[in-house]
Amino acid sequence: MPDMLVKLYDLPPAAPVLDKLRQAGIEVRRPLAGEKQRVVEWVRRTFSPGWASECDVAFSYQPVAAFIAHRGDEILGFACYDVACRNFFGPTGVAESARKQGIGTGLLLAALHAQRALGYGYAIIGWVGPADYYARVVGAKVIEGSEPGIYRGMLKGG
């Protein structure tokens, strides 16, 4: 899967998406340090050990380089940045039962706006699955020749 490049200086606003989620009872925010084990374990159970490892790294930053979406005590999704490499967005995921509600877009925009606030002009979305989605929502462009990119030689399995 290729990487994609996003212009952070030309992002759509996050507020309308986050407000709509809030009205539906879904909060998107940075997780607190005390929530680390619960969030990382949820990512491990819901997605993969590799993504859980990257999510764990997000908690080493202050502020935490991640966002979660939740309804009450139920985690619905997550998004990390600056974990595989500086200036990279991802991993990110939404629980299968919570998809098609705008949660992924809320997490994406929250994280990309956070990267912009750090002073980045561009971000790289690593190892993209839904390229059409990223192109439509944030104008991302495929980086030619980026597959497997930084993931070349990564250990598989276990």
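The values are calculated or read from the model by the stated rules, or taken from the named source; none is laboratory data. Being a predicted model, the structure only gives us computed values, none of them experimental. Neighbour counts run over all protein chains shown; Cβ positions are idealised from the backbone, glycine included. Note: accessible area is taken over every heavy atom of the protein model, side chains too, but ligands, DNA and RNA are not part of it. Shrake-Rupley method; radii C 1.70, N 1.55, O 1.52, S 1.80 Å.
Miscellaneous remarks
Residue by residue, here is whether (1) at pLDDT below 95; (2) among the aliphatic types (A, V, I, L, M); (3) over 21 Å from ALA58 (Cβ atoms); (4) not in a loop (DSSP other than H, G, I, E, B) holds:
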site	(1), (2), (3), (4)
ALA111	no, yes, no, yes
ALA114	no, yes, no, yes
ILE124	no, yes, no, yes
TRP127	yes, no, no, no
ILE150	yes, yes, no, yes
GLY153	yes, no, yes, no
LYS156	yes, no, yes, no
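- Considering the stretch 128-152, the residues that are hydroxyl-bearing (Ser, Thr, Tyr) and farther than 24 Å from PRO16 by Cβ include one that is farthest from the chain's Cα centre (by Cα), namely SER146.
- Out of ASP82, ASP3, ASP73, one residue alone is open to solvent by 70 Å² or more (accessible area, probe 1.4 Å), of a type outside the set (Ser, Thr, Tyr) and at pLDDT 95 or above. It is ASP73.
- For the stretch 73-95, residues that are free of Cβ contacts under 8 Å to residues at least 24 places away in the same chain and more than 17 Å from PRO130 (Cβ to Cβ) total 3.
- So GLY106, is it open to solvent by less than 10 Å² (accessible area, probe 1.4 Å), closer than 12 Å to LEU21 by Cα and in contact with a helix residue (DSSP H, G or I) (Cβ under 9 Å, 6 or more places away or on another chain): yes
- The set of residues from the stretch 62-105 being over 14 Å from the mean Cα position of the chain (by Cα), over 16 Å from ARG38 (Cβ atoms) and not in a loop (DSSP other than H, G, I, E, B) comprises GLU96, SER97, ALA98.
- When VAL17, VAL39 are screened for being touching a Ser or Thr at 6+ places or on another chain (Cβ under 6 Å), over 29 Å from SER146 (Cα atoms) and aliphatic (A, V, I, L, M), only VAL17 passes.
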